[in-house]
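Below is one structure, written out as structure tokens; comments come after it.
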Amino acid sequence: MTKLLETGERAQPARRQGAAPPRRPQAERRLATRTAILDAFDRILARGGVSALGVNALVKEAGIGKKQLYDQFAGLAAVAGAWVRERTVWQQLETIIGEPWEQFLTRAPADKLIHVNRCYAESLRRNPRLCALLAGEFLGSDEVKGAVEHVRQLVRSDFERVLASDPALRRPGLAALNLVAYTVATYLGLRAHHQPSFFGFDLSAETPWLAVMDMVERVLIAAARQEDQAGGTS
């Protein structure tokens, strides 16, 4: 018979030795599964590169079933997007441009484009994990390419904010300048990791990198000046 405590309450019987511990709350289990998936994505990318990524590899690395993955994410692209945002692989635009958004808005239209693209190139160069993922556009399976495109959409959404911040940036000449600047920034940022030797400059070293960035900036400034002299009609 269960003994009564002094307060009159019944004592709780001791849990039998070897009995299973109580289950964690569902929200806690979901968070643990999500964390395991993102950790697995990070480890696979670091160990095997972008070509090793895939849903099958993820569930095996995370030690879960496919149903658990699809309960959390729509597929590999959604995992990649969450990894980029939640693990701060790609930071918010305000962090990348290195100044408050309100201060950035005071810049001249062409200066906005030049500044944000230079900051973008710098961000890629400092971020080998993101560059490893973006390389999947050329190296990975269709599944990986879909994930890379999803990540690129996240990046482009930040650039759309820049374009929307100033109607002048929609002028054909400045839109063309932005396309060129974005292409150059992406190429040099990725090349700094995958093949840093570039026309005698070692893009993995700080001084040569800054020299190349300064040359690119001078060309973009000259192009922007020509656009202004043309009256923005080009």
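Just so you know, all these numbers are worked out from the coordinates, no wet-lab data involved. Just so it is clear, the model here is predicted, and its values are computed rather than measured. Cβ coordinates were reconstructed from backbone atoms using ideal geometry, including for glycine residues, and neighbour counts include every protein chain displayed.
Remarks
- Helix runs (DSSP H) in the chain reaching 27 Å along axis by Cα, Kyte-Doolittle at least 0.0: 172-194
- Residues of the range 105-144 with amide N under 19 Å of a point placed 7 Å along Cα→Cβ from Ala222: 110-111, 114-115, 118
- Taking Cα centre as origin and charging only the Cβ of basic (Lys, Arg, +1) and acidic (Asp, Glu, -1) residues, the dipole magnitude of the chain rounds to 1240 debye.
- Full-stretch length increase - Gln92, Arg43 - with 0.36 nm per residue and alpha-carbon distance subtracted: 15.3 nm
- Efficiency of FRET between Glu99 and Leu31 - r from beta-carbon atoms, R0 41 angstrom, step 0.05: 0.75
- Residues whose placed amide H lies under 5 Å from that of Phe198, excluding near-sequence neighbours: Leu203
- Partner aspartates and glutamates for Lys145 [C-alpha distance under 18 Å; skip if fewer than 8 residues away on the same chain]: Asp42, Glu137
- Protection proxy ranking of 172-179, 187-194, 118-125, 156-163 - average other beta-carbon atoms within 10 Å, highest first: 118-125, 187-194, 172-179, 156-163
- FRET efficiency for Asn56 and Ala82, using Cβ-Cβ distance with R0 set to 25 Å, rounded to 0.05: 0.85
- Computed extension length for Ser197-Ala230: 8.2 nm, one decimal, from 0.36 nm per residue of separation with the Cα-Cα distance subtracted.
- In the range 93-229, Cα pairs under 8 Å separated by at least six residues give a relative contact order of 30 percent.
- The chain - mean residue ellipticity at 222 nm from DSSP helices (-39,500 (n - 2.57) per run, n ≥ 4, rounded to 500): -21000 deg cm²/dmol
- Whole-angstrom gap from the range 28-70 to the range 174-234, using each part's C-alpha centre: 36 Å
- Note that the range 94-101 has calculated 3J(HN,Hα) couplings of 4, 6, 5, 7, x, 7, x, 4 Hz, one per residue in order, obtained from phi through the Karplus relation 6.51 cos²θ - 1.76 cosθ + 1.60 (θ = phi - 60°); glycine and proline are x.
- Along each principal axis, Cα extent of the chain, largest first, Å: 97, 40, 32
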